[in-house]
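Since the structure comes first, as structure tokens, the remarks are kept for the end.
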Amino acid sequence: MTRHLYLALGFVSLALGIIGAFLPLLPTTIFIIIAAYCFGRSSARLEAKILAHPRLGPPVIAWRREGAIGTRAKIAACTGMAVGYVVFHLTGNPAPLWRGLAAAGLIASALFVVTRPRPMAERGTEQAR
């Protein structure tokens with residue numbers, strides 16, 4: 001039963017990650033990381049497919065090995081959060097309490113993202129220059 005739950009959650013996360021690749025306010029990488037985690041507990045074959053994927057695999061591997069987030073991903077995440085907040089603020093007309101809570105949550109999330117190390121592979125290419 002648990003295996004099937006992980007498998008279902010893996011497919012839902014993968015679908016959200018794919019949708020996030022096309023929608024600017026929905027993150028991609030975190031859902032792919034969650035999908036790989038879930039597939040790792042339910043289907044080694046599906047986990048291996050994600051890890052071997054040329055575009056999706058490297059960020060997942062960097063996160064697993066080093067807890068690292070690439071510079072482009074950091075910029076995309078922080079930009080997405082900022083745009084999301086602006087859209088929330090302008091279209092939702094939220095009360096000051098909700099504006100403040102949303103801002104605090106997004107700032108905390110952005111700080112978490114920005115303070116993660118860059119992947120070793122990214123640092124290695126910088127040293128080679």
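The values are calculated or read from the model by the stated rules, or taken from the named source; none is laboratory data. As the structure is a computational prediction, the values presented were derived from the model and not from experiment. Ideal geometry is used to build each Cβ from the backbone, glycine not excepted, and the neighbour counts take in all protein chains shown. To get the accessible areas, we keep the full protein, side chains included, count just its heavy atoms, and leave off ligands, DNA and RNA. Shrake-Rupley method; radii C 1.70, N 1.55, O 1.52, S 1.80 Å.
Phi-derived couplings, Karplus 6.51 cos²θ - 1.76 cosθ + 1.60 at θ = phi - 60°, listed residue by residue for the range 102-119: 5, 4, 4, x, 6, 5, 4, 5, 5, 4, 4, 4, 5, 8, 6, x, 7, x Hz, with x used for Gly and Pro. Calculate the dipole size of the range 1-120 relative to its Cα centre from +1 charges on Lys and Arg beta carbons and -1 charges on Asp and Glu beta carbons; express the result in debye to the nearest 20. Its charge dipole is roughly 300 debye. Taking all protein chains as shown and a probe of 1.4 angstrom, residue 63 keeps an accessible surface of around 80 Å². Only Cα pairs under 8 Å and 6+ residues apart enter the sum, and on that basis the relative contact order of the range 61-125 stands at 58 percent.
Of 81, 120, 1, which has the most accessible area and how do the rest follow, probe 1.4 Å? Let's see the in-between values first.
Values: 81 35, 120 120, 1 185 Å².
From most exposed to least exposed: 1, 120, 81.
Full extension of the chain between residue 23 and residue 3 gives 4.2 nm of extra length, using 0.36 nm per residue less the Cα-Cα distance.
Between residue 121 and residue 79, what FRET efficiency follows from the Cβ-Cβ distance if R0 is 22 Å, with the result rounded to 0.05? Could you put the intermediate results ahead of the total?
Values: r = 22 Å, r/R0 = 1.02.
The computed FRET efficiency comes out at 0.45.
Solvent-accessible surface of the range 5-129, averaged per residue with a 1.4 angstrom probe and all protein chains in place: 65 square angstrom. Sequence-distant contacts, meaning Cα pairs under 8 Å at least 6 residues apart, place the relative contact order of the chain at 21 percent.
For residue 48 and residue 12 in the same chain, what is the full-extension length gain: residue separation times 0.36 nm, less their Cα-Cα distance, in nm?
On the way: separation 36, 0.36 × 36 = 12.96 nm, distance 1.73 nm.
Length gained, residue 48 through residue 12: 11.2 nm.
Using a probe of 1.4 angstrom, how much of the accessible area of the range 1-102 is carbon and sulfur, in percent?
Details: 4730 of 6640 Å².
About 71 percent, which is the carbon plus sulfur part of the accessible surface.
Ranked from largest, the principal axis spans of the Cα set of the chain equal 49, 47, 22 Å.
Using the Cα gyration tensor of the range 10-80, with a ≥ b ≥ c the square roots of its eigenvalues, what is the shape: rounded (a/c below 1.5), prolate (a/b larger than b/c) or oblate (neither)?
Oblate, because a/c is 1.5 or more while a/b does not exceed b/c.
In terms of the Cα gyration tensor, with a ≥ b ≥ c the square roots of its eigenvalues, is the range 67-122 rounded because a/c is under 1.5, prolate because a/b exceeds b/c, or oblate? Cα axes put the range 67-122 in the oblate bin.
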